[in-house]
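Asker: Please see the structure below; I have some questions.
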Ligand code: NAD
């Protein structure tokens, strides 16, 4: 894992692209344009630290593709940030958005700092200065480029960005749409926190609902009863475990950085989190067997394995020992190309990160739409739906002479809240993307795996947009 990589991150994205491009009909010139990073903005600016010293900040914003506007992608605060990494992540955003039909180009930003080494006041100054540098060069705006949180940034930084942007652009009516991942009080949308985990669940559930795919894997159709192992119980892993359990799957093991816990009858993620909050670790969770070597959890007997923590955890060393039939890549890059080769040979279905963890960007799209429409989802129709449902149910009860239970009544009469509509939009998005990719994969026996099929889907969509825009007459 620690061996020197022969390619840079951006080159390895290009290689995956080239592998898939062979299965498309597009001219080389179009493919080259899709691969290229359209704009790379490198910024240096000074920070006066709390102790009075001056430090020079290194920051980037890359717009990989403007085939759709605006561009979209997170901002990362990490001391590993460099131009190649930001370019690669921006390219992946182009492909991810295309696959899930989110009409954005791909972008990414980064500041080369470890946020733990800076005070909140310093972080605020850095974020605001970065935003004003983006404004200066027209690299941010609801119709230009819309950042979001990534490693080391969150709602707080997004609030600083929207505040800086709107104060530099007074009167810009859609200013709140210059960034997503904002707190709900600042124009954020309900349902974003669980979006990635829920999206992973919807994507894997759709695969499990495909009878021919399940037959090939020797599994029964549906999620219910399937044994699931989740690696990482952070934001994404916790929500994956929750949605699988609530839908009848049995979460037999959960792995963390310091160990894993296993119970063949199932674990409850909420109880596990409470236990960890109390003791500082998931190990020795009552009623479960503790595995001190956390990587052993990946090799347990199960149907579905959800790596939701780190990159490269399933690799040439352990791929042969994986017993899961389905791997749902919730994390970014959890499986290496060597592992992919083993999956093909062993007939394991790997549902790729590039679209499976796109729930966050999908719900970001809904947030941006909310900001442009200046109205909370559900505000217009909720009361109308409730009145209509009450009327319909009343008619049915009168005609049938029967009354439904109070619990059923509550469920039927309820109009949709913002979070219901966001979840529903996410469900539709993930189902549609899964079907499109499966269709591409199953209709060409030469395509080796679902990851390559996902790239083919992305290439076809971006190329079609370029051609339809008349960019290549
Ligand atoms: P997080 O920091 O909330 O959670 C990560 C969890 O993994 C933590 O609980 C951590 O203790 C655990 N962990 C660390 N090392 C581990 C190890 N060796 N074995 C097992 N567990 C380990 O992060 P997150 O937001 O849940 O993101 C997880 C992954 O999903 C990352 O790869 C991220 O890039 C990807 N992702 C996240 C989002 C999102 O919306 N949060 C969106 C797309 C992709």
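Asker: Please count how many residues of the stretch 136-160 are free of Cβ contacts under 8 Å to residues at least 40 places away in the same chain and surrounded by fewer than 16 Cβ atoms within 10 Å (Cβ to Cβ).
Answerer: 4
Asker: When only residues in the stretch 300-313 that are within 12 Å of residue 348 (Cβ to Cβ) and under 19 Å from the mean Cα position of the chain (by Cα) count, which is nearest to the ligand (Cβ to nearest atom)?
Answerer: 305
Asker: Could you list, in sequence order, all residues of the stretch 427-460 that are modelled with pLDDT under 95 and within 15 Å of the chain's Cα centre (by Cα)?
Answerer: Across the stretch 427-460, there are no qualifying residues.
Asker: Scan the stretch 152-169 residue by residue and report those that are within 16 Å of residue 134 (Cα to Cα) and part of a loop (DSSP other than H, G, I, E, B). Even if it seems obvious, please write down each step before you answer.
Answerer: Of the residues in the stretch 152-169, the ones within 16 Å of residue 134 (Cα to Cα) are 157-169.
Across the stretch 152-169, the qualifying residue is only 169.
Asker: Evaluate the following for residue 409: is it surrounded by fewer than 24 Cβ atoms within 10 Å (Cβ to Cβ) and free of Cβ contacts under 8 Å to residues at least 60 places away in the same chain?
Answerer: Considered against the rule, which asks whether it is surrounded by fewer than 24 Cβ atoms within 10 Å (Cβ to Cβ) and free of Cβ contacts under 8 Å to residues at least 60 places away in the same chain, residue 409 comes out as yes.
Asker: Yes or no: residue 357 out of contact with any strand residue (DSSP E or B) (no Cβ under 7 Å at 6 or more places or on another chain) and closer than 24 Å to residue 248 by Cα?
Answerer: So residue 357 passes the test.
Asker: OK, next. Within the stretch 314-336, track down each residue that is in contact with a helix residue (DSSP H, G or I) (Cβ under 6 Å, 6 or more places away or on another chain) and within 11 Å of the ligand (Cβ to nearest atom).
Answerer: Selection gives 329, 330, 332.
Asker: Here is a follow-up. For the stretch 140-151, which positions are part of a strand (DSSP E or B) and out of contact with any strand residue (DSSP E or B) (no Cβ under 7 Å at 6 or more places or on another chain)?
Answerer: Scanning the stretch 140-151 gives a single hit, 141.
Asker: Please state which of the following conditions residue 189 fails to meet, knowing it meets all the rest: (1) crowded, with 24+ Cβ neighbours inside 10 Å; (2) more than 16 Å from the ligand (Cβ to nearest atom); (3) in a loop (DSSP other than H, G, I, E, B).
Answerer: (2)
Asker: For the stretch 337-357, give me each residue that is within 15 Å of the ligand (Cβ to nearest atom) and part of a helix (DSSP H, G or I).
Answerer: Result: 353, 354, 355, 356.
Asker: Another question, then. May I ask you to list the residues in the stretch 237-265 that are more than 26 Å from the chain's Cα centre (by Cα) and away from the ligand (no atom under 15 Å from the Cβ)?
Answerer: Answer for the stretch 237-265, where residues must be more than 26 Å from the chain's Cα centre (by Cα) and away from the ligand (no atom under 15 Å from the Cβ): 263, 264, 265.
Asker: So which residues in the stretch 194-224 are away from the ligand (no atom under 16 Å from the Cβ) and assigned to a loop (DSSP other than H, G, I, E, B), if there are any at all?
Answerer: First, pick out the residues of the stretch 194-224 that are away from the ligand (no atom under 16 Å from the Cβ): 205-224.
Result: 209, 210, 218, 219, 220, 221, 222, 223, 224.
Asker: Would you confirm whether any residue within the stretch 371-383 is within 14 Å of the ligand (Cβ to nearest atom) and on the phi < 0 side of the Ramachandran plot?
Answerer: Within the stretch 371-383 (the criterion being within 14 Å of the ligand (Cβ to nearest atom) and on the phi < 0 side of the Ramachandran plot), the answer is no, since none of the residues qualifies.
Asker: Here is a follow-up. Report yes if residue 297 is modelled with pLDDT under 95, within 14 Å of the ligand (Cβ to nearest atom) and closer than 30 Å to residue 437 by Cβ, otherwise no. If you could, list the steps in order and put the result at the bottom.
Answerer: Numbers: modelled with pLDDT under 95: no; within 14 Å of the ligand (Cβ to nearest atom): yes; closer than 30 Å to residue 437 by Cβ: yes.
Criteria not met by residue 297.
Asker: Give just the number: which of (1) within 14 Å of the ligand (Cβ to nearest atom); (2) buried (at least 21 other Cβ atoms within 10 Å of the Cβ); (3) outside any helix (DSSP H, G or I); (4) more than 16 Å from the chain's Cα centre (by Cα) does residue 113 not satisfy?
Answerer: (1) is the only condition that residue 113 fails.
Asker: Then there is this: On the basis of being surrounded by 16 or more Cβ atoms within 10 Å (Cβ to Cβ) and not in a loop (DSSP other than H, G, I, E, B), does residue 397 make the cut?
Answerer: Considered against the rule, which asks whether it is surrounded by 16 or more Cβ atoms within 10 Å (Cβ to Cβ) and not in a loop (DSSP other than H, G, I, E, B), residue 397 comes out as no.
Asker: Return the pair list, or none, for Cβ contacts closer than 8 Å from residues in the stretch 348-364 that are in the same structural domain as residue 303 (by TED's automatic domain parsing) and within 19 Å of residue 177 (Cβ to Cβ) to residues that are away from the ligand (no atom under 12 Å from the Cβ) and assigned to a strand (DSSP E or B), at least 6 apart or on different chains.
Answerer: Partner pairs satisfying both residue conditions: 361/72; 364/72; 364/146.
The values are calculated or read from the model by the stated rules, or taken from the named source; none is laboratory data. Quantities reported herein were computed from a predicted structural model and do not represent experimental measurements. No Cβ is skipped: glycine too gets one built from the backbone with ideal geometry, and neighbour counts run over all protein chains shown.
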